[in-house]
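For reference, the structure discussed in these notes is given below.
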Amino acid sequence: MKAESIRIRGTVQGVGFRPTVYRLAKAYGLCGDVCNDGEGVLIRVWGREESITAFVAKLQQECPPLGKINQLTRQPYQGELKFDDFVISPSVSSQTKTSISPDAATCPQCQQEIFDLYSRYYRYPFTNCTHCGPRLSIIRAIPYDRCNTSMAAFPMCEACDKEYRDVSDRRFHAQPTACHICGPKAWLERTDSKPITASMFSMLDDVDAVCTLLQKGEIVAIKGIGGFHLACDATNHTAVQKLRQRKHRYHKPFALMARDIDMIATYCHISNQERELLTSPPAPIVLLQKRQIDNSSPTQTKKTSVTFATKSSANLSPSIAPHQNTLGFILPYTPLHHLILKRMNRPIVFTSGNLSDEPQCIDNNEAKDKLSEIADYFLLHNRDIINRVDDSVVRVINNQVQIIRRARGYAPAPINLPPGFSNIPPVLAMGGELKNTFCLLKDGQAILSQHLGDLENATAFTAYQETLNLYLNLFEHQPEIIAIDKHPEYLSSKFGKQLAAANKIPIDNIQHHHAHIAACMAENNLPLKSPPILGIALDGLGYGEDGTFWGGEFLLADYQQFQRLATFKPVAMIGGSKAMKEPWRNTYAHLTSAFNWDKLIQQYGDLEIVKFLQIKPLKLIDRLVEQQINCPPASSVGRLFDAVAAAIAICREQCSYEGQAAMEMEDLVKTNALNNGEETLSYSFNLGILDNIYYIDPSSMWQDLLDDLEQQVSSAIIATKFHYGLAKIIVNTAQKLCQKNDINQVVLTGGVFQNTILLERVKIGLENLGINTITHSLIPANDGGLSLGQAVIAAAKLIKGK
Ligand SMILES: [Zn+2]
Ligand SMILES: [Zn+2]
């Protein structure tokens, strides 16, 4: 007989880990106990050595679905064990490292119960257990007990309480567990406040009625786990159009929810990896390649693919995702969604329930106030949403997962920091302005908040402040330094300064693109003391070291510092932020930067784009540029994409959402590749040098592009030549800089690298030269990942300073 203590670290609290330990220990005839403490789970066992070894092996195999063992160590137990049974001991609350789990999609067992006529959870829309259900979305304070969540309003009935206390039950210590008797309820309302009569439809209950309404072409606002959604039948073109009109969301693709994988497979290709993501506990929206059966896009009729399509599936409305090769699909992730979709034999639109640019509604009254002009019906419930948590968005590129929006299901799971960061002082990083997240650094881990949206919006900014406060409390985080973006006008930077002043702690201003690069280094586990690498950060905009706007940067960087080695030739952003919404402004800025306008008119005056520009108040614009009034120079690659897109009539007048021009252009390239095979031609860019910095100059690209326009070369080919040429010059520049600085590793980051064609071609190009590339997978390449970079840079500088 032997006594051992087994220490387990990782995500092991609040996920049903102790009952699993209990069950297995019993099965192997072991005595002892298990408890939660500040470091995770501690097990003390007494029994035959073989049994203990078998128990440990089994425990690793049967880790609960939401749990994760990072480390397991076994030691002989020093002292006397007085157990004649195995028990779960009370938690030791010695400075508990609080772990708040992300919300998790309904587990298979709960799914089965809600459709089991004989289960007491039959058709109960809030069924959950230790393997699934709400977590972050309902928590107000620590410790994570029912009384500190929005479930406090629902005292457990006798039956629920029995399961909660039964260590052998799947609901042992499941804080949000509830049933028809004791738990929250869902009900249907009309947005016009008229009463609902039963004769309106045959239905099982209010939740089931939603399905009937959707089938009839109605728009329903549905309160979910982390916010409201708007839903309608995705195959009903009239309903989809109605939703677009009412929501004033004219182009941005809608996400779709389908009952099961098979239904998604009739519309999209799904790899094993994508299937795994769709059915994983985070249940994100997964961007999937459309099958080529869509009659709505005439360029995509490839006969061979039709054989893949199973059964007959209703065609989606062509306005689900206009000009996109991908569709964003999500599976039902709460019992409520499963119950609604059970009878729905086609996908539904599943989009955020918000007014344009605002965050999702989370409160019943707020929703009634804001969504009654959009929806026809509300499906409401009375479990409060404490934290707004949007759906996460992911995709798979070359077998690598990329997170585009990190929210429900992922946040606030900690990200382990690389070697060297284990003993860092607590750091708070405030993030950027758009797609904001903030980040708490402590004990070798980073806690990244869920996606909080664009802070320019007042509601989003308020939510940002509240969420930040909550996180600081939940994680008992007292920052010793606050990291902010260098941009003096970012609301997050201003708020960070206020916080720092109020708490008398220092501020660290972090350059935007350095933060992007450091974030990518950190998530790829590059140690603190790594030698400098080459970071390529391409995005829309970031405040530069010299007070101008950057956005096409090649930086020699480590965690502490950077040196700018190359950039794109700066071009005026005509009208400041207007240039981000009206792509033609960038075309004009680029053309006049490359050529003399009068000469250009002489030679290319017949071109449609030139005629278009001539209608604009060019004299006034020229004067503003000359006098530098609201026309800041920017080396932005995002704006270069806009400029080229507008030249070939994509979003020329206006973009209705960020990145639209680049996304539609990317789609054209893919279509071109599909129809014409690999297109090898590319535009050329020049590489110049000024003050020891390389400049990528697109003038020759513009010359070729204008010639192509005159030759009436198709937009698809122009877009392709632009993408391929851009990738080529990036690779060439990186190669030169790597050789010069004796570097073999390149980080690719920034929102522009969400463009899959550019990313893949740059990656392959560099790898063919024997240069390693490092890219994002755990956090977004866009500004959603910025806060992690800010935090690790501030921490690295502190450590160096000490
Ligand atoms: Zn469950
Ligand atoms: Zn109950």
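Structural remarks
- Cα long-axis angle, helix 715-741 against the chain (0 to 90 degrees, to the nearest 10): 80
- Dipole magnitude for the chain: about 840 debye, using +1 per Lys or Arg Cβ and -1 per Asp or Glu Cβ, origin at the Cα centre.
- Share of Cα-Cα pairs in the chain lying beyond 54 Å, as whole percent: 13
- Ordering of 595-607, 133-145, 687-699 by packing [mean C-beta count within 10 Å, highest first]: 133-145, 687-699, 595-607
- Among the protein heavy atoms of region 1-86, carbon and sulfur supply 45% of the accessible surface, probe 1.4 Å, non-protein parts ignored.
- Folded to 0 to 90 degrees: helix 584-594 orientation relative to the chain principal axis, Cα: 50
- Taking all protein chains into account, the per residue accessible area for region 71-176 stands at 52 Å² (1.4 Å probe).
- Förster radius 45 Å - calculated FRET efficiency between Asn469 and Lys2, Cβ distance, rounded to 0.05: 0.40
- Applying the Karplus relation 6.51 cos²θ - 1.76 cosθ + 1.60 with θ = phi - 60° to region 756-764 yields 3J(HN,Hα) values of 5, 5, 4, 4, 5, 5, 5, 4, 5 Hz, where x marks Gly and Pro.
- The residues of region 672-778 have, on average, 43 Å² of accessible surface per residue, using a 1.4 Å probe with all protein chains present.
- Length released on extending from Ser656 to Thr53, taking residue separation times 0.36 nm less the Cα-Cα span: 211.1 nm
- Between the listed residues Ala3, Ala794, Asn744, the Cα displaced farthest toward the positive end of the dipole of the chain, a dipole computed from Cβ unit charges relative to the Cα centre, is found at Ala3.
- Using the 1.4 Å probe convention, the accessible area of region 523-589 works out to 32 Å² per residue with neighbouring protein chains retained.
- Carbon/sulfur fraction of accessible area - region 383-473, other protein chains in place, 1.4 Å, %: 44
- Neighbours of Cys129, meaning other residues whose beta-carbon lies under 15 angstrom from its beta-carbon, give a summed charge of +2 when Lys and Arg score +1 and Asp and Glu score -1.
- Each Cα pair under 8 Å and six or more residues apart adds its separation to the average, and for the chain the resulting relative contact order is 11 percent.
- Fully extended contour minus Cα-Cα distance, from Lys800 to Asp691, at 0.36 nm per residue: 36.2 nm
- Separation in nanometres of the label points that stand 7 Å from Cα toward Cβ, at Glu276 and Leu618: 5.5
- Here's the picture: charge each Lys and Arg Cβ at +1 and each Asp and Glu Cβ at -1 in region 1-92, and of Ile43, Phe86, Ile69 the one pushed furthest to the positive end of that dipole is Ile69.
- Label point distance in nm, Asn744-Glu608, each placed 7 Å from Cα along Cα→Cβ: 5.0
- Among the GluC sites (Glu not before Pro) in region 660-758, those located in a DSSP loop and surrounded by at most 13 other Cβ atoms within 10 Å of their own Cβ are Glu678.
- For the peptides 494-502, 103-111, 653-661, the ranking by mean Cβ contacts within 10 Å, running from highest to lowest, is 103-111, 653-661, 494-502.
- Accessible surface of region 144-258, 1.4 Å probe, proportion on carbon and sulfur as whole %: 53
- Remark: the Gln712-Asp85 segment gains 217.4 nm on full extension, using 0.36 nm per residue and subtracting the alpha carbon distance.
- DSSP bridge orientation in the chain - percent antiparallel, rounded to nearest 5: 75
- With a cut-off of 16 Å on the backbone N, the residues of region 156-170 near the modelled label site 7 Å out from Ser119 along Cα-Cβ are 160, 163-164, 169-170.
- Taking each DSSP H run with n ≥ 4 as -39500 (n - 2.57) and averaging over every residue of the chain yields -10000 deg cm²/dmol at 222 nm.
- Ranked by how many other beta carbons lie within 10 Å on average, peptides 517-523, 622-628, 579-585 from highest: 517-523, 579-585, 622-628
The values are calculated or read from the model by the stated rules, or taken from the named source; none is laboratory data. Note that this is a predicted model, so its numbers are computed, not measured. Cβ: placed from backbone, ideal geometry, glycine included. Neighbour counts: every protein chain shown. Side chains are part of the model used for accessible areas, which takes the heavy atoms of the whole protein and leaves out ligands, DNA and RNA. Shrake-Rupley method; radii C 1.70, N 1.55, O 1.52, S 1.80 Å.
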